[in-house]
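Nothing in this text is a laboratory measurement; each read-out follows from the coordinates by a stated rule. These figures come from a predicted structure and were not determined experimentally. Glycine gets a Cβ as well: all are built from the backbone with ideal geometry, and neighbour counts include every protein chain shown.
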Amino acid sequence: MWRGLMVLAVLLGAAGAAHADSRYFCSADDKDVRFTLESAFEDGGGHPLIHFRGALMLKDVNKSKNFGKRILESKDLTNRWSRDGDLRLEVFTTEGTDAESESLDLAVLAGEHGKASPNFSGTYALRIEGSTSFFVVEGKVSCGTK
């Protein structure tokens with residue numbers, strides 16, 4: 001019986017630790033772009049990244065040779081901030097050969113400082129730039145926590 005109680009205590013402790021993590025999702029779907037982002041951070045000191053993933057699709061694929069459709073991964077998340085109702089995410093990646101290399105920079109600014117909420121909104125700014133391409137767009141984004 002003692003062993004059973006110990007196993008139960010360990011399982012409950014692990015469940016509590018997992019529950020403390022911060023998980024966010026954001027999405028936008030307008031005339032220019034559709035994307036979804038999902039990220040998770042530990043609540044402990046420094047808020048280390050647990051995971052990040054996303055997908056991005058340009059409505060006009062002719063705007064970019066490399067980023068018409070793109071899966072985003074943890075290595076693409078270059079800056080992040082989540083504190084007291086604010087969420088900031090920046091994704092940066094490059095793709096292509098030297099002659100047709102492009103960079104993608106997507107920044108999401110959402111929330112309201114001092115007012116944490118399970119659902120919140122904000123803005124995004126997307127910039128794709130290369131030797132033969134240049135595309136900049138801004139729009140609204142919806143976010144939430146899980």
Worksheet item: Percent relative contact order of the stretch 12-146, based on C-alpha pairs within less than 8 angstrom and at least six residues apart?
Response: 19
Worksheet entry | Whole-number D in µm²/s for the chain (Stokes-Einstein; Kirkwood sum over Cα pairs; 4 °C, 1.567 mPa s) | 77
Response to the item:
Diffing the stretch 101-115: the Karplus 3J(HN,Hα) column from phi (6.51, -1.76, 1.60, θ = phi - 60°), in whole Hz with x for Gly and Pro, holds 5, 10, 10, 10, 10, 10, 10, 10, 10, 9, x, 9, 3, x, 10
Worksheet entry | Phi to ³J(HN,Hα) by Karplus 6.51 cos²θ - 1.76 cosθ + 1.60 over the stretch 46-60, Hz, x for Gly, Pro | x, 6, x, 6, 8, 7, 8, 7, x, 9, 9, 9, 7, 5, 10
Fill in: Candidates E129, E100, E42, ranked by Gaussian network fluctuation over the chain, Cα under 10 Å, top entry
E100
Worksheet entry | Nearest-ten-degree value, helix 2-19 long axis tilted from longest Cα axis of the chain | 30
Worksheet entry | Whole-Hz ³J(HN,Hα) from phi, Karplus 6.51 cos²θ - 1.76 cosθ + 1.60, for the stretch 120-128, glycine and proline x | 8, 10, x, 10, 10, 9, 10, 9, 10
Worksheet item: Which residue fluctuates the most in the chain, going by a Gaussian network model with Cα springs under 10 Å, if the choices are A28, A55, A99?
Response: A99
Item to complete: List I50, I128 from most exposed to least, where exposure is judged by having the fewest other Cβ atoms within 10 Å.
Response: I50, I128
Worksheet item: How about K59: which lysines have a C-alpha closer than 16 Å to its C-alpha, ignoring those fewer than 8 places off in the same chain?
Response: K31, K69, K140
Fill in: Debye log10 I(q)/I(0) for the stretch 104-146, one point scatterer per Cα, at q = 0.19, 0.28, 0.31, 0.32 Å⁻¹
-0.62, -0.93, -1.03, -1.06
